[in-house]
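Here is the structure we will look at.
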Amino acid sequence: MSDYRKNPIITDIYTADPAPMVVKDTLYLYTTHDEDELVDNFYTMVDWRCYSTKDMVNWIDHGRIFGLSDIEWAETRAWAPQCIERNGRFYLYCPVKKTGSGMAIAVGVSDSPTGPFKDIGHPLVDEGDWNDIDPTVFIDDDGQAYLYFGNPELRYVLLNEDMVSFDEKVGVVKVPMTEASFGKGSHMTGTSYGEGPWFYKRNGLYYMVFAGFAPGERRNEHFGYATSSFATGPWKYKGVLMEEGPCFTNHPGICDFKGHSYLFYHTDELPGGSLFHRSVCVAEFTYNEDGTIDTVSKCDGVKKI
Ligand code: FUB
């Protein structure tokens with residue numbers, strides 16, 4: 001039995017947009033799924049997948065755990081999800097294209113991390129535009145849960161304790177898209193922030209990792225990150241976390257697991273890979289003493305823990 005897991009870690013289907021969640025001694029990994037056959041030569045994605053491991057080398061494939069056909073109001077685009085546990089229930093936040101409209105965020109609820117998940121019956125966030133994608137969720141020590149999301153603007157809502165509604169009085173808050181917060185870049189706001197935010201707290205410092213576009217002509221996505229002393233910012237840009245790769249998109253997912261820190265990402269490295277046929281990878285990294293993170297290289301794989 002091997003003590004090493006080579007990247008990409010999933011090789012039987014194309015997967016992207018990795019979102020890890022640690023529960024007790026198990027790391028669950030939620031991913032999107034790029035279909036082999038494309039419709040209209042665009043992202044063709046109809047379901048979400050779940051995998052789990054206890055040692056980073058041996059993975060269990062839990063298969064399809066939620067999909068467009070479980071969401072009556074959804075049309076296409078089963079895009080980047082994230083799952084979180086609260087009071088023994090699991091909430092899977094998923095961007096989808098709403099029938100006859102733009103992107104919106106669905107929530108699937110389950111008593112098990114591996115589903116099946118049940119749609120709450122309506123979008124949680126639906127501004128009627130295309131910005132409502134790539135939700136990232138975090139519950140702070142005081143119990144307040146935050147859902148950040150967005151492309152090209154980073155926005156957030158304050159989730160209520162039920163995790164399936166948000167504080168309507170505060171509404172959808174638009175984060176100021178400044179170079180001081182997200183660096184200079186070539187995306188629509190003039191910053192490097194693109195999409196795929198990943199929000200978490202570690203040692204009292206809040207992190208916003210994101211997929212971004214460096215300045216210049218059309219670039220592939222790299223990862224940048226910003227930190228803050230508060231959950232709602234102001235965010236201070238801290239630099240590039242992973243250099244851009246050969247694939248147009250990338251999507252960060254970060255967690256600590258059994259004393260190790262991992263950055264999940266995706267590439268187009270599997271045979272037959274393309275910008276619409278991606279594959280999930282993982283790299284181990286360490287934090288500097290002040291909480292900053294040096295640029296993490298795409299790597300060959302990870303060791304057993
Ligand atoms: O996988 C579809 C979309 O591409 C995701 O929502 C983005 O983060 C990018 O990876």
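Taking the square roots of 5 times each eigenvalue of the Cα gyration tensor of the chain, largest first, gives ellipsoid semi-axes of 24, 23, 21 Å.
Projecting the Cα atoms of Gly150, Phe166, Ile139 onto the dipole axis of segment 135-175, where Lys and Arg carry +1 and Asp and Glu carry -1 at the beta carbon, places Gly150 farthest toward the positive end. Calculated FRET efficiency, Thr189 to Glu72, Cβ-Cβ distance, R0 = 35 Å: about 0.55 to the nearest 0.05. Projecting the Cα atoms of Thr292, Tyr262, Gly272 onto the charge dipole of segment 240-304, computed from C-beta unit charges around the Cα centre, puts Gly272 farthest toward the positive end.
Please name whichever of Asn220, Phe248, Pro234 sits farthest to the positive end of the charge dipole of segment 173-261, dipole taken about the Cα centre and charges placed at Cβ: Lys and Arg +1, Asp and Glu -1. Positive-end residue among those listed: Pro234.
For the chain, with all protein chains present and a 1.4 Å probe, just round the carbon and sulfur fraction of the accessible area to a whole percent.
Carbon and sulfur together cover 49 percent of it.
Projected label points at Ser112 and Asp61, each 7 Å from Cα along the beta carbon direction, are separated by 1.8 nanometres. The stretch between Thr295 and Glu168, if pulled fully straight at 0.36 nm per residue, gains 41.9 nm over its current Cα-Cα span.
A straight Cα-to-Cα reach below 28 Å connects Lys298 with the lysines Lys6, Lys24, Lys54, Lys184, Lys201, Lys236, Lys238, Lys258, residues fewer than 8 places away in its own chain not being considered.
Mean sequence separation of contacting Cα pairs (under 8 Å, at least six apart), scaled by the length of the chain, corresponds to a relative contact order of 17 percent.
Each Cα pair under 8 Å and six or more residues apart adds its separation to the average, and for segment 180-305 the resulting relative contact order is 18 percent. Treating the beta-carbon of each Lys and Arg as +1 and of each Asp and Glu as -1, no other charges, what is the dipole magnitude of the chain about its Cα centre, to the nearest 20 debye? Computed charge dipole of the chain: roughly 540 debye. Extension gain for Glu85-Asp141 works out to 18.8 nm (0.36 nm per residue, less the C-alpha to C-alpha distance).
In vacuum, with every alpha carbon of segment 211-305 counted as one equal point scatterer, what does the Debye formula give for log10 I(q)/I(0) at q = 0.13, 0.20, 0.22 Å⁻¹? Two decimals, please. Result of the Debye calculation: -0.50, -1.07, -1.21.
The values are calculated or read from the model by the stated rules, or taken from the named source; none is laboratory data. Remember, it's a predicted structure, so these values are computed and weren't measured experimentally. All Cβ positions, even for glycine, are placed from backbone atoms using ideal geometry, and neighbour counts span all protein chains on display. Just the protein is used for accessible areas: all its heavy atoms, side chains included, with ligands, DNA and RNA removed. Shrake-Rupley method; radii C 1.70, N 1.55, O 1.52, S 1.80 Å.
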